[in-house]
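Enquirer: My questions will all concern the structure given below.
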């Protein structure tokens, strides 16, 4: 097995609080720059792998790459399933020969980590079953636009504990924003996750912002009918919002099931930030691509390990394969 010491963005914990703060600032700066004056990724190529359906992630990452001067390449359905046509390590090694970054929206976080471990170019988690870090970054950008400071503020996540909630909790920790979860019993954080949470819907009291997501994530749709009566007390509606005792903001990563986890009158109200969150996906992802790809380029040039196609020498561990390339 061979792995590369390459910087990736697979989870919020890949960043320390200072790096996260810098990424947050860069995201906010880029939000006001619809056309980037220079093309920091000119001549670069970003491959997009989508195992799962996507609207916001699919569009924003392609637009982000183009605005930065890069060329996005979207793999087709037949090529996007990790490990389907060829092993994940072989896929990573091949893509590393041609592109400067890999953006992957996948089912399995373990497969994503394997892809990253065999890639010599940065890999970005565009969603996995464990985390959704780019969404969390965009969420904090949104709240930073609304509040002058996170000090004294509390964000409460309501509903099914999932990848979005996990990334959000870690992002809040990095940013100094208080976080707690309100989830039905059996659907909250795992025992090893040190998260403040309760199964009592009254736990929304004092929330400055309420955040929810679908009650059955992709791959769990067959559980929805079973979950509906369990989750009904956790629906974000006017009644639940009144329990906060504050003029609480509402957040949702989308897509939303109106009338299920949130009522239409809440999602369409003046307190709703859902479309600001969606808008901020673009500058957040631009910031991630700039940070990772530019950092990768600097590291490569400093180490003087550039080989074929201007890449680090991918083939040192396979001399026979390297020789065949020159035949």
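Any read-out appearing in this document is the output of simple, stated calculations on the displayed coordinates, not a laboratory observation. Treat the numbers as computed from the prediction; the structure is a model and nothing was measured. Reconstructed Cβ throughout: ideal geometry from the backbone, glycine too, with neighbour counts over all protein chains shown.
Enquirer: Tell me the label only: which of [x] 20; [y] 31; [z] 27 is percent of Cα pairs over 32 Å apart as calculated from this structure?
Expert: Given [x] 20; [y] 31; [z] 27, the structure-derived one carries the label [y].
Enquirer: Now for a different question. Please rank 109, 132, fewest neighbouring Cβ atoms within 10 Å first, as an exposure proxy.
Expert: So the residues, fewest neighbours to most, are 109, 132.
Enquirer: Let me ask something additional. On a C-alpha basis, how far is the centre of segment 198-253 from the centre of segment 89-141 in Å? Whole number, if you could?
Expert: After rounding, the separation between the Cα centres reads 29 Å.
Enquirer: Quote the relative contact order of segment 133-278 in percent (integer), defining contacts as alpha-carbon pairs under 8 Å separated by 6+ residues.
Expert: Relative contact order of segment 133-278: 24 percent.
Enquirer: Sticking with this one: Which semi-axis lengths, in whole Å and largest first, follow from the square roots of five times the eigenvalues of the Cα gyration tensor of segment 133-278?
Expert: Square roots of five times the eigenvalues give 21, 17, 15 Å.
Enquirer: Something else now. Within segment 221-244, name every residue whose backbone N is under 20 Å away from a label modeled 7 Å from Cα of residue 205 along the Cβ vector.
Expert: The answer is 233-244.
Enquirer: Which distance in nm do the two modelled labels at residue 218 and residue 16 give, with both placed 7 Å along the Cα-to-Cβ direction?
Expert: So the two model labels end up 3.4 nm from each other.
Enquirer: Okay, moving on. Would you list 177, 10 from fewest to most Cβ contacts within 10 Å?
Expert: In order of increasing Cβ crowding within 10 Å: 10, 177.
Enquirer: To continue, here is another question. Which order, highest average first, do 164-170, 275-281, 142-148, 186-192 follow once you tally other Cβ atoms within 10 Å for each residue and take the mean per peptide? List each step's numbers first, then the result.
Expert: Numbers: 164-170: 25.3, 275-281: 20.1, 142-148: 16.1, 186-192: 11.1.
The densest-packed peptide leads the list: 164-170, 275-281, 142-148, 186-192.
Enquirer: What percent antiparallel are the DSSP beta bridges of the chain, to the nearest 5?
Expert: 5 percent
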